[in-house]
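Read through the structure below, which is laid out as structure tokens, and then see the notes.
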Amino acid sequence: MSSIASYKTRRRQFASHMQKGVAVIPTASEHLRNRDAHYPFRFDSYFYYLTGFREPEAVLVIVADADQSKTKHLLFCRDKDEKREIWDGFRYGPEAAKEAFGFDEAYSVTKLDEMLPDLLANQSKLLFALGQDAGLDARVTSWINKVKEKARSGITAPTELHDSRLILDEMRLFKDSEELQIMRDAAAISDKAHRRAMQFTRPGMMEYEVEAEFLHIFRQHGAQSPAYTSIVAGGANACVLHYVDNDAELKSGDMLLIDAGCELNGYASDITRTFPVNGKFTAAQKDIYQLVLAAQEAAITNVKPGNSWDDPHQAALQVLVQGFIDFGMCKGSVDAVIESDDYKRFYMHRTGHWLGLDVHDVGEYKQNGEWRHMQPGMVLTVEPGCYIRPADNVPKPFWNVGIRIEDDVLVTQTGHEILTIATPKSVDNIEELMR
């Protein structure tokens with residue numbers, strides 16, 4: 001995790017953007033999987049970004065003042081309870097959490113309904129992400145109504161409601177040095193898993209056997225979980241973009257597409273590699289693979305400060321469409337094929353997304369209706385692909401070939417850094433590793 005000083009700095013930055021008002025930022029709720037069993041708890045990314053606190057049933061409250069020395073950061077969390085710790089494990093409790101995580105004040109979460117009306121009194125502005133939790137939405141409304149009941153005493157309730165995510169999305173888009181080191185470490189773990197998969201895979205295995213190797217490597221090297229449900233798609237399954245059944249047999253002569261990355265201390269990695277199940281590309285597979293690889297290289301070249309978010313996608317698109325024309329899959333000029341959207345039969349998604357605490361991380365892609373420009377500290381994926389289903393106008397050797405190549409890329413002061421550069425992706429390197 002980041003240092004406590006970093007979380008305190010982020011809270012101060014957020015409070016300075018608020019200027020004056022109260023922000024209420026809860027962590028995620030626990031959810032039942034079935035009967036008495038819960039889904040594994042995962043904290044809310046916004047809450048964690050500002051606190052580093054991983055326990056459920058917690059709320060961050062920031063009471064901001066134009067005079068920053070008067071701003072207060074309050075944590076509401078579970079009480080220390082030795083009996084519950086026997087069943088559920090360690091919990092900090094307010095007093096220890098205050099010291100460990102650098103809060104000005106900390107209280108039992110059971111006091112939230114009692115204290116919030118007083119904290120909201122005579123505040124003009126409330127920052128809260130309305131619509132995420134109906135139960136909490138109702139409680140916020142009740143707090144405001146309780147303040148309004150004191151109107152005859154000259155006490156006023158907030159008249160402005162702002163979405164706290166608007167400030168936090170922009171903050172989270174730019175990673176600091178500690179965040180970037182965690183993401184480099186996550187990328188290194190995921191690299192080990194992808195290399196293991198290439199060495200492990202053999203015809204006759206099941207997709208889930210390969211997936212199991214990823215889970216093993218992730219946990220073996222300290223990652224808490226996959227960053228998302230792993231895609232392990234052999235043969236025609238690779239032409240389903242979000243295939244997650246992972247229960248088919250891997251056959252010699254087919255390609256295997258694996259889109260998988262670990263989550264380490266809250267931060268996601270996201271790598272896709274595609275390779276032949278038997279370790280040797282056919283001529284047709286090699287043609288399509290090298291086309292996608294060339295498209296990715298063109299896209300990554302366009303990741304640099306000052307370029308627009310759309311530039312890498314357009315660069316990849318130019319390469320892919322020319323290849324589709326050369327292989328007889330599309331007809332006409334590159335511009336005509338792009339204008340008609342004919343290429344979308346084989347490439348139907350964009351070339352990347354922001355990456356961070358969420359695998360599809362927060363941050364606007366456009367500003368004032370225009371694609372935003374890349375700046376140092378942004379991290380994005382670059383992932384062109386090609387997905388060819390059987391069709392009359394497609395050469396039969398290309399049928400059921402699905403290929404995607406994805407890397408995690410940091411925008412630097414002078415260009416870019418590929419965080420996942422170590423993971424093999426050239427034809428020669430893949431065949432050598434599998435050999």
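Derivation of every value follows stated rules applied to the coordinates shown; laboratory data play no part. For clarity, every value in this text was computed on a predicted model and none was experimentally measured. Don't worry about glycine lacking a Cβ; one is built from the backbone with ideal geometry, like all the others, and counts go over all protein chains shown.
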Legend entry - Inverse mean reciprocal Cα-Cα distance (Kirkwood Rh) of the chain, Å: 24.0 Å
Inset, instruction - Classify the range 233-351 as rounded, prolate or oblate, taking a ≥ b ≥ c as the square roots of the eigenvalues of its Cα gyration tensor: rounded when a/c is under 1.5, otherwise prolate if a/b is larger than b/c and oblate if not. - result: oblate
Inset, instruction - Relative to the longest principal axis of the C-alpha atoms of the chain, give the angle of the C-alpha long axis of helix 4-18, reported between 0 and 90° and rounded to the nearest 10°. - result: 80 degrees
Legend entry - Taking the chain and dividing mean pair separation by its residue count, relative contact order in percent (alpha carbons under 8 Å, at least six apart): 13 percent
Inset, instruction - Please report Tyr343, Tyr267, Tyr49 as a ranked list, fewest other C-beta atoms within 10 angstrom at the top and most at the bottom. - result: Tyr343, Tyr49, Tyr267
Inset, instruction - Apply the Karplus parameterisation 6.51 cos²θ - 1.76 cosθ + 1.60, with θ equal to phi minus 60°, to every residue of the range 82-92 and state each ³J(HN,Hα) to the nearest whole Hz, in sequence, with x for glycine and proline. - result: 5, 5, 5, 5, 4, 8, 10, x, 4, 9, 5
Inset, instruction - Take Glu383, Glu178 and order them by how many other Cβ atoms sit within 10 Å, fewest up front. - result: Glu178, Glu383
Legend entry - the range 211-227 - phi-based ³J(HN,Hα) in whole Hz, Karplus 6.51/-1.76/1.60, Gly and Pro as x: 4, 4, 5, 5, 4, 5, 5, 4, 6, 4, 9, x, 5, 7, 5, x, 6
Inset, instruction - Counting other beta carbons within 10 Å of each Cβ, put Thr156, Thr71, Thr423 in order, fewest first. - result: Thr156, Thr71, Thr423
Inset, instruction - Taking H placed 1.01 Å from N in the peptide plane, check which residues at least 5 places from Cys262 or on another chain put their amide H under 5 Å from its amide H. - result: Ser190, Ala227, Ser269
Inset, instruction - Quick one: which residues, 5 or more positions from Phe41 or on another chain, have an amide H under 5 Å from its amide H? H modelled 1.01 Å from N in the peptide plane, none for Pro or chain starts. - result: none
Legend entry - Cα pair count fraction exceeding 14 Å, expressed as % - the range 13-71: 60 percent
Inset, instruction - Using a/c under 1.5 as the rounded threshold, could you call the range 114-223 rounded, prolate or oblate? The axes a ≥ b ≥ c are square roots of the C-alpha gyration tensor eigenvalues, and prolate needs a/b larger than b/c, oblate otherwise. - result: prolate
Legend entry - Equivalent ellipsoid dimensions for the range 215-291 as semi-axes, Å, which come from the Cα gyration tensor, largest first: 26, 13, 11
Inset, instruction - Go through the range 135-143 residue by residue and turn each phi into a ³J(HN,Hα) via Karplus (6.51, -1.76, 1.60, θ = phi - 60°); whole Hz please, and just put x for glycine and proline. - result: x, 6, 4, 5, 5, 4, 4, 5, 5
Inset, instruction - Return the long-range amide H neighbours of Leu127 (sequence gap of 5 or more, or a different chain), with a cut-off of under 5 Å between placed amide H atoms. - result: Val22, Ala23, Val24, His162
Legend entry - Over 30 Å [Cα-Cα, the range 174-434], rounded percent: 25 percent
